[in-house]
Structures are given as structure tokens and as C-alpha cells.
Amino acid sequence: MHTYDEPVYLISIVSKILDIHPQTLRQYERENLITPSRSDGRIRLYSQRDIDRIKLILRLTRELGVNLAGVDIILNLKETIDSMEREIAELRHDVEMAKNAHSVAPEKSLVTKKSLYEMVVFKED
């Protein structure tokens, strides 16, 4: 079994899987919409992630009528949003960790504060 990002599919296989002409895949590459890996012999190799991205491109162009320039904008915005969502998740996790690290239940606290003012009374000998 191959990983999601492992480049293993030849252009002929991808074109058959997606029922598109190999020239379409080359066009997407020229437009910088996809970036397949290359073998030592310069053969294009596609990963499952690449195939999923191509499926999205096909959906945008065929079903929604978006041209390739629009697809490029949409894909860039999607990547930006995905990146921001990951960053927000990390920040939320950091905030939770900070909250948990500094909070102690009042009943377990060694020092309790009952008012804003604390008074110390010294007894004279």
C-alpha cells in the first residue's frame, strides 16, 4: 500500500483513472495547477494527493464552468484557508495547554484569596 503523497502513478494511468487526455494533465502542469514528481528519467509520477487535486480541478471546470485562471485563484485561496485553519487549531491547542497549566481548582489551592486586601497582624511580645 502506498502513502497519500507517494508518487507512483504514471500519466497514462492517471488519464485512464480520470478519463481525461494526457495532454490535459500536461496543460494543468504548464498552468502550475499541479506539480507531479519526476523520476530520474524525467517521467511524471503522480500521487493520490495529485489525483485528488486533479479531480477538484475537473469538478471546478466541468461542473462549475470555472476557467483555469479562476481555478488557480480558487486553489491558492483554498491553500491559504487550509494553512490558516491549521494555525488556528495550533493556537487553540496552545491556549488550552496554557489554561490547563496555570489553573488549579480552588479546593486544591494552598493559598486562597478571600478579598483584595490582606492584613497581617503582628503580635507584640
- Query: Can you pull out the residues in segment 38-84 that are among the small types (G, A, S), surrounded by fewer than 15 Cβ atoms within 10 Å (Cβ to Cβ) and within 21 Å of I17 (Cα to Cα)?
  - Reply: S39
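Name every residue in segment 66-98 that is of a type in the set (D, E, K, R) and touching a residue at least 12 places away in the same chain (Cβ under 8 Å), in order of residue number.
First pass over segment 66-98, keeping only residues of a type in the set (D, E, K, R): 72, 78-79, 82, 85-87, 90, 92, 94, 96.
Scanning segment 66-98 gives a single hit, D72.
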- Filtered residues of segment 1-37 (kept if over 21 Å from L68 (Cβ atoms), crowded, with 16+ Cβ neighbours inside 10 Å and within 20 Å of the chain's Cα centre (by Cα)): P7
- Task: Within segment 59-80, identify whether any single residue is within 17 Å of Y9 (Cβ to Cβ) and modelled with pLDDT of 95 or more, and answer yes or no.
- Result: no
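The values are calculated or read from the model by the stated rules, or taken from the named source; none is laboratory data. These figures come from a predicted structure and were not determined experimentally. Virtual Cβ from ideal backbone geometry, glycine too; neighbours counted across all protein chains shown.
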